[in-house]
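Note sheet for the following structure.
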Amino acid sequence: MLQFKIDTKETFVHIVVTDSQLDEKLADALLEQIKATANNGSNNYLIDLSGCPVATQNGLEQLAKIHEEIYEGQHSFVVTGLSPAIINLAKSTELDQVLNICPTEIEAIDIISMEILERDLFGEEES
């Protein structure tokens, strides 16, 4: 079964998770997909979980690790489309403080655009 739909945009890669549960195995597959797309343009990611209603704690923790790796590499990683169950799990484990969560895709795109702009501006100041 297809686990992701991928659409490479000019400034980010839009990945829609099509599996019913975000667990550690799915998060690992997502990381592999990200590594595969990293050489094809943008290294900024919008992860849409609207088609994935549930998550395990391990899956969410793995997603947070991917988030941290992407940001350490000076790129963006924004998650949108979280179900109430995933939002509650994120809050109960305090992963909502780690993950960059947006309520809508438009807001997620805006955050990615702003972060790219900030990196460009700060990069010019350091030069």
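Bear in mind these aren't lab numbers, they're just calculated from the coordinates by the rules spelled out. A quick note: this is a predicted structure, and the numbers were derived from the prediction, not measured. Reconstructed Cβ throughout: ideal geometry from the backbone, glycine too, with neighbour counts over all protein chains shown.
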Seminar exercise, completed: In the range 77-103, anything of a type in the set (Val, Ile, Thr) and either part of a strand (DSSP E or B) or over 13 Å from the mean Cα position of the chain (by Cα) (or both) is listed as 78, 79, 80, 86, 87, 93, 101
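Where residues in the range 17-44 are assigned to a strand (DSSP E or B) and free of Cβ contacts under 8 Å to residues at least 60 places away in the same chain, which of them is surrounded by the fewest Cβ atoms within 10 Å (Cβ to Cβ)?
21
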Exercise. Taking residue 74, is it of a type in the set (S, T, N, Q), over 11 Å from the mean Cα position of the chain (by Cα), within 26 Å of residue 114 (Cα to Cα) and not in a loop (DSSP other than H, G, I, E, B)?
Worked result: no
Seminar exercise, completed: Considering the range 73-127, residues that are small (Gly, Ala, Ser) and loosely packed, with under 12 Cβ neighbours inside 10 Å, and then whichever is farthest from residue 46 (Cα to Cα), we arrive at 127
For this session: Say whether the condition of being aliphatic (A, V, I, L, M), in contact (Cβ under 8 Å) with a residue 60 or more places away in the chain, touching a Ser or Thr at 6+ places or on another chain (Cβ under 8 Å) and under 21 Å from residue 16 (Cβ atoms) is met by at least one residue in the range 54-71.
Result: no
